[in-house]
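The values are calculated or read from the model by the stated rules, or taken from the named source; none is laboratory data. This one's a predicted model, so the numbers in the text were calculated from it and none came from an experiment. Virtual Cβ from ideal backbone geometry, glycine too; neighbours counted across all protein chains shown. For accessibility, only protein heavy atoms count, side chains too; no ligands or nucleic acids. Shrake-Rupley method; radii C 1.70, N 1.55, O 1.52, S 1.80 Å.
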Amino acid sequence: MHIHSSISALRAALHNRGRVVFVPTMGNLHAGHISLMEQARAHGDTVVASIFVNRLQFGPSEDFAQYPRTFAADCEQLAAAGVDVLFAPDEGELYPEPQEYFIEPPAIQNLLDGAFRPGHFRGVATVVAKLFNCVQPQVALFGKKDYQQLLVIRNMVRQLALPIAIVGGETVRAADGLALSSRNAYLSAAERAEAPRLYRVLTGLRDAIRGGAGDFAALEAAAVAELAAAGWRTDYVALRQQTDLAVPQDKDVPLVALAASHLGRARLIDNIEI
């Protein structure tokens, strides 16, 4: 695996490398990331990963400084997964001057996670657009665990006519159902034992919908109450349309159940398609 920290070196390395497939990350890799790397091989000739902790997508009181950075271990995992090229720029390379041009997503950026993390998806869309310009891939993979992010990126690529196919990778879970996440490292042993409840709550919503339940607001409120009783601080539990995260008017459209809730220091997000 070749590692490049400059845009010019990266572009030179990717010249005449066939169909390029890209998986952007913020590092501190787990099996979910590695699954995307392994899937990437089926979509092209050269697999490129990136590691960059993007300051623009963190709020002023969020964990940018504390976000786990495990570069050496990440490189070992990427090499073992067959990644061909790693792009690992520093802030000075990707933001050589104050960023004054931004990708401003539409109203979807203010829903759900965006309501609790103002400016988050603006920062995500901007850095992904920059990374796309650096790597110039034909295919890019993003995990479905960040469901809203995946929709934002897909919509951006479509509306800006970028020649990139966006592939969503299924959420990778521990044996007890907990979605793998870099922020799971914040959980204590007791919190880790409790954490799978979030997935159980979502599967309960799915089963209720499949069983004919149609009072979405009541289902959401019951899910929040269950989490609160177990000591969680919930930002949202929501049943939404898969296509645009709008509030559904009936249950006969493809739905997704999404949740974000705090357990100790960790803010966990998850979703399940219905």
Taking the stated definitions as given, is GLY92 open to solvent by 20 Å² or more (accessible area, probe 1.4 Å) and part of a helix (DSSP H, G or I)?
yes
Which residue, of ALA175, ALA213, ALA161, ALA140, is part of a loop (DSSP other than H, G, I, E, B), within 28 Å of GLY44 (Cα to Cα) and aliphatic (A, V, I, L, M)?
ALA161
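Residue by residue, here is whether (1) modelled with pLDDT of 95 or more; (2) open to solvent by 20 Å² or more (accessible area, probe 1.4 Å); (3) in a loop (DSSP other than H, G, I, E, B); (4) under 20 Å from PHE142 (Cα atoms) holds:
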| site | (1), (2), (3), (4) |
| --- | --- |
| ALA13 | yes, yes, no, no |
| VAL23 | yes, no, no, yes |
| GLN39 | yes, yes, no, yes |
| VAL47 | yes, no, no, yes |
| PRO60 | no, yes, yes, no |
| ASP63 | no, yes, yes, no |
| GLN66 | no, yes, yes, no |
| GLN77 | yes, yes, no, yes |
| GLY82 | yes, yes, yes, yes |
Determine the pairs where a residue that is crowded, with 23+ Cβ neighbours inside 10 Å, located within the range 128-147, has a partner that is assigned to a loop (DSSP other than H, G, I, E, B) and at pLDDT 95 or above with Cβ atoms under 7 Å apart, the partner being 6 or more residues away or on another chain.
PRO137/ILE164; ALA140/ILE164
Can you tell me which of ALA213, ALA222, ALA230 is at pLDDT below 95, surrounded by 12 or more Cβ atoms within 10 Å (Cβ to Cβ) and farther than 19 Å from LYS145 by Cα?
ALA213
Kindly list the number of the only condition in (1) over 23 Å from ASN110 (Cα atoms); (2) surrounded by 15 or more Cβ atoms within 10 Å (Cβ to Cβ); (3) over 17 Å from the mean Cα position of the chain (by Cα) that fails for SER182.
(3)
Among the listed residues LEU258, LEU245, which satisfies the condition of being buried (at least 18 other Cβ atoms within 10 Å of the Cβ) and outside any loop (DSSP other than H, G, I, E, B)?
LEU258
Of those in the range 96-117 that are in contact (Cβ under 8 Å) with a residue 40 or more places away in the chain, buried (at least 16 other Cβ atoms within 10 Å of the Cβ) and within 21 Å of SER61 (Cβ to Cβ), the residue nearest to the chain's Cα centre (by Cα) is ASP113
Hey, VAL135 closer than 22 Å to ARG267 by Cβ and not small (Gly, Ala, Ser) or not
no
Answer from ARG240, ARG267 - the residue that is more than 17 Å from ARG192 (Cβ to Cβ), part of a strand (DSSP E or B) and basic (Lys, Arg)
ARG240
Hey, ALA174 hits all of (1) within 26 Å of ARG69 (Cα to Cα); (2) open to solvent by 60 Å² or more (accessible area, probe 1.4 Å) but one; which does it fall short on?
(2)
Restricting attention to the range 188-197, does a residue exist that is open to solvent by 50 Å² or more (accessible area, probe 1.4 Å) and closer than 25 Å to VAL23 by Cβ?
no
Of the candidates ALA225, ALA193, ALA221, ALA174, the one satisfying the condition of being among the small types (Gly, Ala, Ser) and either at positive phi or touching a helix residue (DSSP H, G or I) at 6+ places or on another chain (Cβ under 9 Å) (or both) is ALA174
